[in-house]
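Single-structure report; data block below.
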Amino acid sequence: MKITVDDDFDLDKIINSGQCFRPRKTEDGIYRFITGKHTVDIRDLTKEAGEKNVDRATELEVSCSQNEWDDVWHQYFDLDTNYRKIRKRIPSDDLFLKNCAKSGAGIRILRQDKFEMLISFIISQRKSIPAIRTSIERLVGLYGKDGFFPEPEAMLAATEDELASCGLGYRCSYVYNAARRVALGEFDLEEMNNLPDDELFDKLKSIAGVGDKVANCVALFAYHRCGRAPVDTWIARIINEHYDGVNPFNGYGPVAGIMQQYMFYSAIR
């Protein structure tokens with residue numbers, strides 16, 4: 001089935017933006033995305049034809065039905081938000097961000113599985129993106145079913161040795177504790193969707209191993225709170241070197257997280 005996206009949309013940039021760790025580009029040019037219990041294979045026909053341009057529509061060939069695209073993937077890729085308009089509203093006096101947005105045009109903030117994001121960003125601390133991906137795939141191999149991310153209940157029988165074999169290091173206890181609290185109902189991740197941003201942030205931080213950066217990542221990439229802009233070492237360096245130590249995201253309100261992604265992608269390229 002073919003889909004037309006008349007907005008910024010670049011699957012390579014999305015996969016390499018640091019917000020998701022399981023999507024892959026296969027050797028034959030197919031992009032494979034997984035969320036919850038759904039998988040989709042996508043071909044970027046516009047890119048394959050050599051016609052990719054940030055200001056034109058993107059033609060896709062997808063492996064799912066129209067109903068599944070409408071019910072799952074349309075929301076997952078945040079296709080009700082016009083990123084091109086947001087990108088072009090960046091003021092001219094923020095030249096550094098304008099350049100980052102130009103190079104990162106095509107990134108979208110994915111609406112990802114809440115438990116997967118909680119565990120993934122606990123794992124992400126002090127790890128490179130390739131190492132995060134390796135740890136997550138090992139975790140899926142041990143506790144997942146049919147290649148999907150593990151359910152929290154499946155991780156209740158996890159041993160420290162098993163978790164350590166996933167390369168989690170000191171994060172083992174944090175991962176197990178988070179999975180246990182979700183499995184036992186102490187944290188209702190779906191119910192937390194109703195909390196205001198600050199309350200959601202505080203609730204996430206009450207989980208062992210979740211600090212400011214991880215809480216903001218989960219809020220942004222799982223709960224789609226686009227006003228949250230995680231600050232890690234890359235972003236902290238940008239703030240110091242390009243903004244005289246003053247956090248620029250406060251001026252971007254409800255799209256601060258999108259601006260953060262443009263900067264982060266530019267930093268790690």
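The values are calculated or read from the model by the stated rules, or taken from the named source; none is laboratory data. No experiment lies behind these values; they were computed from the predicted model shown. We place every Cβ from the backbone using ideal geometry, glycine too, and count neighbours over all the protein chains shown.
Could you check the stretch 1-75 for strands (runs of 3 or more DSSP E) lying wholly inside it with 1 or more residues that are more than 20 Å from the chain's Cα centre (by Cα)?
By residue number, 2-5, 38-44, 58-62.
Go through the stretch 157-170 and count every residue that is farther than 12 Å from residue 142 by Cα and assigned to a loop (DSSP other than H, G, I, E, B).
So the answer is 2.
Of all the residues that make up the stretch 147-160, how many are more than 14 Å from residue 120 (Cα to Cα), modelled with pLDDT of 95 or more and acidic (Asp, Glu)?
Selection size over the stretch 147-160: 1.
Mind checking which residues of the stretch 178-190 are in contact with a helix residue (DSSP H, G or I) (Cβ under 9 Å, 6 or more places away or on another chain) and without any contact (Cβ under 8 Å) to a residue 40 or more places away in the chain?
Let us first name the residues in the stretch 178-190 that are in contact with a helix residue (DSSP H, G or I) (Cβ under 9 Å, 6 or more places away or on another chain), namely 178-184, 186-190.
Within the stretch 178-190, 180, 181, 183, 184, 186, 187, 188 meet the criteria.
Please name all residue pairs, on different chains or six or more residues apart, with Cβ atoms under 8 Å, provided the first residue is in the stretch 59-74 and is more than 18 Å from residue 7 (Cβ to Cβ) and the second residue is surrounded by 15 or more Cβ atoms within 10 Å (Cβ to Cβ) and not β-branched (Val, Ile, Thr).
Correct list of pairs: 64/38; 64/73; 68/38; 72/38; 72/64.
Restrict the check to the stretch 13-24 and report whether at least one residue is surrounded by fewer than 16 Cβ atoms within 10 Å (Cβ to Cβ) and more than 23 Å from residue 230 (Cα to Cα).
First, pick out the residues of the stretch 13-24 that are surrounded by fewer than 16 Cβ atoms within 10 Å (Cβ to Cβ): 24.
From the residues that got through so far, the ones that are more than 23 Å from residue 230 (Cα to Cα) too are 24.
Within the stretch 13-24, one or more residues are surrounded by fewer than 16 Cβ atoms within 10 Å (Cβ to Cβ) and more than 23 Å from residue 230 (Cα to Cα).
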